[in-house]
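Taking it in order: structure first as structure tokens, then the write-up.
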Amino acid sequence: MTIIDGQKVAAEIKAELKAGISRLSAEGKGVPGLVAILVGENPASKIYVKSKANDCLETGMRSHVEKRGSDISEEELLDLIDYYNHNSEYDGILVQLPLPKHINEDRVIKKIRPEKDVDGFHPFNVGELVIGNETFFPCTPAGIQELLKYYKVQTSGKHVVVVGRSNIVGKPIANILVQKKEFANAVVTVCHSAAKDIAYYTRQADILIAAIGQPEFIKKEMVKEGAVVIDVGINRVEDKTKEKGYRVTGDVDFAGVSEVASMITPVPKGVGPMTRAMLLKNTYHAFLRKIK
Ligand code: GUN
């Protein structure tokens, strides 16, 4: 049984990006820039944005965080995005989700210029992904594909079962892995909360991707012997023995499932670091496209 080391793979990708950035910068081409827009006080969002900004600095990118109160109007937020749409210092624009209820997320995502949409959430980029054209892939699905590639997991003709149908993970990973391409070409099933018997599907998976947001939902009995299990969950569960009062756990019961899986991603240090690395990679590619 192999524990997939997302932290190690992410570190290698970051080192490559750092070298590339340093080379281009020495040639006088400048450095990539990412602006992250953070609205409100969601504690998890604050941590994510801070880590993304730190990652940028670590790899030699420019990074800026625009913080706004949760009382910002939709109009003001759209104007702020438009300012960065036209600011050539920043190649990537990230609006951290979720947004306060009075702001229409869909309108916000559509405001970001597709060339700067390093989250890959704009319908233009989503359409390109579905068609199979080269585009920004959303970071978590991109990170999952990179891990499968790195660990030489065969996907062609294999049955991938995705649990969860979010726009950020479930739908895009299914659409990436179904493409007639290298590191894809899988038979993909997407199942979700309306399924009468989720285990019926998950037990058929050669590669099982859990992205449901429910702590330790996938149990040993739901997994086929030898399956590769990718855990996308980041759930906070109460734990009085911890200093913070909680611990972070995935969507997979790691202890149980590792007894049957051939490979498994841990939480933390599995998919999470890869998501962050892919954001840097997307920003780097946005920059390369600009300087070409
Ligand atoms: N909220 C949770 N995941 C993400 C992500 O990948 N990007 C953005 N912008 N917000 C998120």
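Data for the structure
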read-out: Selected residue (only one of 277, 261, 255 is in a loop (DSSP other than H, G, I, E, B) and either among the aliphatic types (A, V, I, L, M) or in contact with a Leu (Cβ under 6 Å, 6 or more places away or on another chain) (or both)); value: 261
read-out: Residues that are surrounded by fewer than 17 Cβ atoms within 10 Å (Cβ to Cβ) and under 20 Å from residue 204 (Cβ atoms), drawn from the range 160-183; value: 165
read-out: Residues of the range 228-246 satisfying the condition of being surrounded by fewer than 14 Cβ atoms within 10 Å (Cβ to Cβ), not in a loop (DSSP other than H, G, I, E, B) and not aromatic (Phe, Trp, Tyr); value: 237, 238
read-out: Test: residue in the range 188-205 that is under 21 Å from residue 45 (Cα atoms), surrounded by 19 or more Cβ atoms within 10 Å (Cβ to Cβ) and modelled with pLDDT of 95 or more; value: no
read-out: Out of 179, 154, sole residue that is more than 30 Å from residue 110 (Cβ to Cβ) and either of a type outside the set (Phe, Trp, Tyr) or away from the ligand (no atom under 16 Å from the Cβ) (or both); value: 154
read-out: Output for the range 259-292, where each listed residue is under 14 Å from the mean Cα position of the chain (by Cα), small (Gly, Ala, Ser) and either within 13 Å of the ligand (Cβ to nearest atom) or closer than 16 Å to residue 56 by Cβ (or both); value: 272, 277
read-out: Every residue from the range 62-107 that is within 19 Å of residue 120 (Cα to Cα) and touching a Ser or Thr at 6+ places or on another chain (Cβ under 7 Å); value: 91, 92, 96
read-out: The range 84-96, residues that are within 13 Å of the ligand (Cβ to nearest atom) and in contact (Cβ under 8 Å) with a residue 60 or more places away in the chain; value: 92, 94, 96
read-out: Qualifying strands (runs of 3 or more DSSP E) (wholly inside the range 24-107; at least 1 residues being crowded, with 21+ Cβ neighbours inside 10 Å and either at pLDDT below 95 or out of contact with any Cys (no Cβ under 7 Å at 6 or more places or on another chain) (or both)); value: 33-39, 92-95
read-out: Filter result for residue 185 (on the phi > 0 side of the Ramachandran plot and not aromatic (Phe, Trp, Tyr)); value: yes
read-out: Search result, residues across the range 116-136 that are within 13 Å of the ligand (Cβ to nearest atom) and farther than 19 Å from residue 94 by Cα; value: none
read-out: Condition met for residue 16 (surrounded by 13 or more Cβ atoms within 10 Å (Cβ to Cβ), over 30 Å from residue 226 (Cα atoms) and free of Cβ contacts under 8 Å to residues at least 12 places away in the same chain); value: yes
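Here is a yes/no grid of residues against (1) farther than 30 Å from residue 3 by Cβ; (2) under 15 Å from the mean Cα position of the chain (by Cα); (3) of a type in the set (Phe, Trp, Tyr):
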| residue | (1), (2), (3) |
| --- | --- |
| 116 | yes, no, no |
| 120 | no, yes, no |
| 128 | yes, no, no |
| 135 | yes, yes, no |
| 142 | no, yes, no |
| 149 | no, no, no |
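The values are calculated or read from the model by the stated rules, or taken from the named source; none is laboratory data. Since the structure is predicted, the reported quantities are computational estimates derived from the model, not experimental observations. A quick note on method: Cβ atoms are made from the backbone with ideal geometry, for glycine too, and the neighbour counts reach across all protein chains shown.
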